[in-house]
1. Restricting to the range 190-203, and then to whatever is open to solvent by less than 20 Å² (accessible area, probe 1.4 Å) and outside any loop (DSSP other than H, G, I, E, B), can you tell me which residue is farthest from ASP101 (Cα to Cα)?
2. Output yes when any residue across the range 173-186 is surrounded by 15 or more Cβ atoms within 10 Å (Cβ to Cβ), farther than 24 Å from PRO249 by Cβ, hydroxyl-bearing (Ser, Thr, Tyr) and in contact with a helix residue (DSSP H, G or I) (Cβ under 6 Å, 6 or more places away or on another chain), and no when none is.
3. May I ask you to verify whether LEU313 is among the aliphatic types (A, V, I, L, M), closer than 24 Å to ILE109 by Cα and at pLDDT below 90?
4. Which members of the range 44-73 meet the condition of being open to solvent by 40 Å² or more (accessible area, probe 1.4 Å), assigned to a helix (DSSP H, G or I) and of a type in the set (Ser, Thr, Tyr)?
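The values are calculated or read from the model by the stated rules, or taken from the named source; none is laboratory data. Model, not experiment: these values are computed from the prediction. Please note: Cβ atoms are built from the backbone with ideal geometry, for glycine as well, and neighbour counts cover all protein chains shown. For the accessible areas, the whole protein counts, side chains as well, though only heavy atoms, and no ligand, DNA or RNA atoms are used. Shrake-Rupley method; radii C 1.70, N 1.55, O 1.52, S 1.80 Å.
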Amino acid sequence: MNKKSVWEDPLSIRKVEPSKEKGPEQMAPTSLPVLNAITQVEISNTKAENTLLKKPFSSWLSQDIPGVDVASAKDKQLGRHIPVDMIVSLPSGASLPQGYDLGATDSTILNAASTLSQFTPVFTIAQLVNVMNGDAVYSEVKPATQKEILDRVKYMASIRITIKAAAHQKYNAEKRSRPQLEHSTFTGFLLPANIWEDGISGETYIRLLQQPPLYTYAKETRQIITEKYEMMDLTHVGTKKSPIRYMTPQVRNIRDFFLREINRISKQNKVSGTGPVLYESVYTYLLKDPYGTFDITKKPSKQRVNQNIARVLDVFVGKGKLISWKPEPKGRKKLYRIVLQLP
C-alpha cells in the first residue's frame, strides 16, 4: 500500500470567502446538532500539542524552540532520540494581537470543534461553548463569552502549523505493536475552518473543513483520550448536587488537565492504579491560559484554585472516575502534590 507523505487540510489549498458560504437560512434545521446525541468526546494528548501550549507562542514564530522527542524512556536511556519538529507561521497579511499566546482554552476549543464536526458540518459559537462545558442540552451563552471564543477561533484559523513526523513514522514502523502513521508530515491551519455571520439573525457559524493537523496527528499516533460526554459536565453528579455550580473557564481547564493526568497514570501504573500530580504542574497549566484569572502571586487567587482543584476531584470521585484523592505535603509546603487512586 502506498502511503501519502503529507496530510494537508483544505484551507492550505483553497480559502472560501465567508460571504460565499451557504448561510444558515439555506440549510435544513436538522443540519444543526442535537447536543444530547453526543455520547463521547475525543481529547488530543500528544507531546507535540502539550509542548506547543506550554512554550510562548512568540518563540514558535521565531523558531527558537525545537520540537519534541517521542522516543520511549528506554530508548532515551540508550541514547536514542526521535525528533518531531513543528513549524508555526502566519500567512502573508495575517496578524495577531500583541502578546498573543496559545493556552488551555484553545486546546479545549480544538477538542470541542473536532467532536462537533463528527455530528454536523456546521455549528454555532454558542454550540461550541456548550460542548466545551459538556452541556447535554442547549444553554444560553453570554455575548461576551461568545466574542472571546470567536476571537480565539479566528486566531487559530489564521495560524499555520507543520508537524514533521517522518522520524516518528519510521520509528513506529519498527514494531507492529506501535501505531503505524499513514503520513510523515501534517500541515495546515491550527483550526481549518470557514467562519461567517448570518446577516439576519446575527448568529456566527463555523464550518470545519477538516480535522485540525494536531488532531489528525494524534489520531494516527493513537494519542487520543476518549471520554464519556457525561464526564465533561461537572455541575451534575448523578442525582446528587455537585459542589460545582458553574463550568467556569478555570474549572474547565482543571477538568481537562486531570483527565490527561488520569490517562497518564492509568498507562504508567497499571498494577497499583495510583499516581502523584504536582500542584505546581496544575498552576503552570492554568497560568498559560490567555483568559485565565489565576494570579499565583496573590494568596486569595491561589486558594481559589486549590478549592476548585478539590471540587473537580471530588466530582470525579462522585462520577466514578477516581476512587479517591489526597493532598500530600513536603517540608513547609502543605500542598505539594496530589495522589490519585484510580478504579
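1. TRP196
2. yes
3. The answer is no for LEU313.
4. The answer is SER58, and nothing else.
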